[in-house]
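Asks: Sharing a structure below in structure tokens format, with a few things to ask.
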Amino acid sequence: MRDRRDGYAGENSCWRGGRASDTLAPMGTVVDLLPSLGLRITAGPTELRGLTDDDLPVLCALAEEGIHPADQMPFYFPWSQAPRGELARNTAQFHWRARATFSPRAWSLHLGVWHEGELVGSQGFDTTNYLVTRTGETGSWLGQRFQGRGIGTVMRQVICAFVFDHLEGVEVTSAAFVDNPASLAVSRKVGYRENGMMRRQRREGELALLQGLVLRPDDLVRCEYPLEVHGLEPFQRSIGLEPR
Ligand SMILES: CC(C)(COP(=O)(O)OP(=O)(O)OC[C@H]1O[C@@H](n2cnc3c(N)ncnc32)[C@H](O)[C@@H]1OP(=O)(O)O)[C@@H](O)C(=O)NCCC(=O)NCCS
């Protein structure tokens, strides 16, 4: 057994070191360092929560299994067309980058989505200057074998309700290419309104039309389950909100 003064304090813990004669003070866990990792939002059988490093291999394997048919591209940046192996690493790096660059000025919440205890995909919310704008953009994906069962609708309802009810949000935006009927159907069912059409290069040399969407609190169509939120106050503080 190593002495705590060696710097060892068990899994996920770290200790403020210094000279051997210093009094050692606990610094806590990685959740204390990045409270988004400790956020857990549950709605019936669906749970959105911070993705730990142990979750990432499962999520990355799901991405590699397939998110959409090869001839389609639902994402603005075509990250999902990377070759096998690379796609898994890119997916993990995307989540690590979001953690590494998290700040109250610009933050991304990319939560894992569990349905009946199984990791099925990811639900994101990206924003800049949130304390001023009180808006951000949702983005999500599910492993192909979990699509078409209503999970995509519930996870979007959950993140939007969370932003409005617990983060004092006043607006949530989204966008989907016009050839992505599932995403557009989810937005419509959740209450988003159309908000302009944008012309984008999707894959190299390919023009695609992107439908902008906006959701206001009064328009949100909520899911049938109440939200249960754990880890809220530390997360609120981490984005500069004062818990009430
Ligand atoms: C978009 C996505 C998250 C939606 O999740 P999901 O669980 O499949 O969605 P749901 O089952 O909750 O609802 C899908 C809706 O789309 C509708 N839909 C699906 N394909 C459709 C089609 N070809 N034409 C018309 N409607 C369609 C379904 O009928 C359903 O609506 P309904 O419940 O009123 O019948 C998921 O399909 C996905 O991950 N897609 C690939 C990645 C992606 O597109 N991400 C979004 C980028 S903007």
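Asks: What number of residues within the range 139-195 are of a type in the set (S, T, N, Q), surrounded by 19 or more Cβ atoms within 10 Å (Cβ to Cβ) and more than 6 Å from the ligand (Cβ to nearest atom)?
Replies: So the answer is 3.
Asks: Sticking with this structure for a sec: Do the conditions hold for C223, that is, is it among the hydrophobic types (A, V, I, L, M, F, W, C), within 19 Å of the chain's Cα centre (by Cα) and in a loop (DSSP other than H, G, I, E, B)?
Replies: yes
Asks: Residues of the range 169-192 being of a type in the set (V, I, T) and within 14 Å of V158 (Cα to Cα), which ones?
Replies: V172, V186, V190
Asks: Further question on the same structure: Can you tell me which residue within the range 30-79, out of those that are without any contact (Cβ under 8 Å) to a residue 60 or more places away in the chain and touching a Leu at 6+ places or on another chain (Cβ under 8 Å), is surrounded by the most Cβ atoms within 10 Å (Cβ to Cβ)?
Replies: Across the range 30-79, the extreme among qualifying residues is C60.
Asks: On the given criteria, is A88 surrounded by 17 or more Cβ atoms within 10 Å (Cβ to Cβ) and more than 22 Å from E171 (Cα to Cα)?
Replies: Here the answer is yes, as A88 does meet what is asked.
Asks: Moving to a separate point now. For the range 119-138, which residues satisfy the criterion of being within 16 Å of the ligand (Cβ to nearest atom) and free of Cβ contacts under 8 Å to residues at least 12 places away in the same chain? Outline the logic, then answer.
Replies: In the first step, residues of the range 119-138 are kept if they are within 16 Å of the ligand (Cβ to nearest atom); the result is 119-126, 136-138.
Listed by number, the list is empty, since nothing qualifies.
Asks: Considering the range 196-215 alone, what residues qualify as being surrounded by 12 or more Cβ atoms within 10 Å (Cβ to Cβ) and among the basic types (K, R)?
Replies: R200, R202
Asks: Further question on the same structure: Give me the pairs, please: first residue somewhere in the range 194-206 and without any contact (Cβ under 8 Å) to a residue 12 or more places away in the chain, second residue anywhere and surrounded by 10 or more Cβ atoms within 10 Å (Cβ to Cβ), beta-carbon distance under 7 Å, and either six or more positions apart or on two chains.
Replies: Correct list of pairs: R199/L209.
Condition check ((1) surrounded by fewer than 17 Cβ atoms within 10 Å (Cβ to Cβ); (2) modelled with pLDDT under 95) across all residues:
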{"position": "D6", "(1), (2)": "yes, yes"}
{"position": "W15", "(1), (2)": "no, yes"}
{"position": "S21", "(1), (2)": "yes, yes"}
{"position": "P83", "(1), (2)": "yes, yes"}
{"position": "S103", "(1), (2)": "yes, no"}
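Asks: Given the options R97, R89, name the one that is in a helix (DSSP H, G or I), assigned by TED's automatic domain parsing to the domain that holds G150 and under 16 Å from the mean Cα position of the chain (by Cα).
Replies: R97
Asks: Name the single residue that is nearest to I67 (Cα to Cα) among those in the range 134-170 being of a type in the set (S, T, Y) and within 12 Å of the chain's Cα centre (by Cα).
Replies: By that ranking, first place goes to S140.
The values are calculated or read from the model by the stated rules, or taken from the named source; none is laboratory data. Just so you know, these numbers come straight off a predicted model, no measurement behind them. For neighbour counting, all protein chains shown are included, and Cβ atoms are generated from backbone atoms with ideal geometry for every residue, glycine included.
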